[in-house]
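J.: Can you keep this structure in mind? I'll have questions shortly.
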Amino acid sequence: MSKPPILEEVDLSLALAGSEGHDINHASRARIQYLCNQHQALLTQIQFADAKAVALMTLLGLIALRGPIEMHSTGEDPVLRYVFLVLSATAVFCCFWAVFPRYPSARMRRDMIGFDRWSWPSLAADTLDPAAYAKFMQTAEISQLVQSLSVSNAAVARVLLRKYTALRVAFVFSIAVLAIVCVRLAGMA
């Protein structure tokens, strides 16, 4: 994966109007609006993934603590209780992994400020001088803003993929937990 250029080194000779013959103002506004809308859609998906993980974690916790297989019961098959506990704990751990806050290390944030001035991790870098940031924003070229938004959206998409991967694993273990619950309920009938 190639590293984006430093914002101050972005090629500003590229035609902002593109090759379709649109007005520069229209093309630039469309690019920025597209990236901002994409960013919002990614954030909405992250919130949705977190909500799914928390709901699943709550459901699994209730099933594990108050479900048809009681962990403290001496009448239950100990192997079944152990498998149920391990599957439930693994699913809850994966849900927790999905909602666990992530942010880049201090070193990465320090480097990010060179090519990304959109994301909060780059703005939280110790090396960011607020006055220099304000000056950059007063004189930023559209190509620099497009790069900044694009780099940030790609990073957010990778975070979203990790969240959904953890959530997918949690769902697989949850299905196994529910299968055990169904078998147990069928045996009780």
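J.: Out of VAL177, VAL183, I need the residue that is over 30 Å from LEU123 (Cα atoms), crowded, with 19+ Cβ neighbours inside 10 Å, at pLDDT below 95 and not charged (D, E, K, R). Which one?
T.: On the way: VAL183 fails: crowded, with 19+ Cβ neighbours inside 10 Å.
Of VAL177, VAL183, the one residue that is over 30 Å from LEU123 (Cα atoms), crowded, with 19+ Cβ neighbours inside 10 Å, at pLDDT below 95 and not charged (D, E, K, R) is VAL177.
J.: Inside segment 40-88, can you point out the residues that are of a type in the set (S, T, N, Q), modelled with pLDDT under 80 and within 15 Å of PHE173 (Cβ to Cβ)? First the steps, then the outcome.
T.: Quick first cut of segment 40-88, residues of a type in the set (S, T, N, Q) only: 40, 44-45, 47, 58, 73-74, 88.
With the extra rule that they be modelled with pLDDT under 80, the set shrinks to 73-74.
Those that are of a type in the set (S, T, N, Q), modelled with pLDDT under 80 and within 15 Å of PHE173 (Cβ to Cβ): none in segment 40-88.
J.: Restricting the search to segment 1-35, which residues are assigned to a loop (DSSP other than H, G, I, E, B) and hydroxyl-bearing (Ser, Thr, Tyr)?
T.: Initially, segment 1-35 is screened for residues assigned to a loop (DSSP other than H, G, I, E, B), giving 1-6, 10-23.
Hits for segment 1-35 are SER2, SER13, SER19.
J.: Can we say ASP11 is loosely packed, with under 10 Cβ neighbours inside 10 Å and more than 27 Å from the chain's Cα centre (by Cα)? Give the derivation first.
T.: Values: loosely packed, with under 10 Cβ neighbours inside 10 Å: yes; more than 27 Å from the chain's Cα centre (by Cα): yes.
Yes: the conditions hold for ASP11.
J.: Only residues that are exposed (fewer than 14 other Cβ atoms within 10 Å of the Cβ) and modelled with pLDDT of 90 or more: list them for segment 14-31, please.
T.: ARG29, ALA30
J.: Under 9 Å between Cβ atoms, at least 6 apart or on separate chains: pull out the pairs that start in segment 120-141 with a residue that is without any contact (Cβ under 8 Å) to a residue 12 or more places away in the chain and end on any residue that is among the aromatic types (Phe, Trp, Tyr) and not in a loop (DSSP other than H, G, I, E, B).
T.: LEU123/TYR133
The values are calculated or read from the model by the stated rules, or taken from the named source; none is laboratory data. Here the structure is a predicted model, which means the values were calculated and not measured. We place every Cβ from the backbone using ideal geometry, glycine too, and count neighbours over all the protein chains shown.
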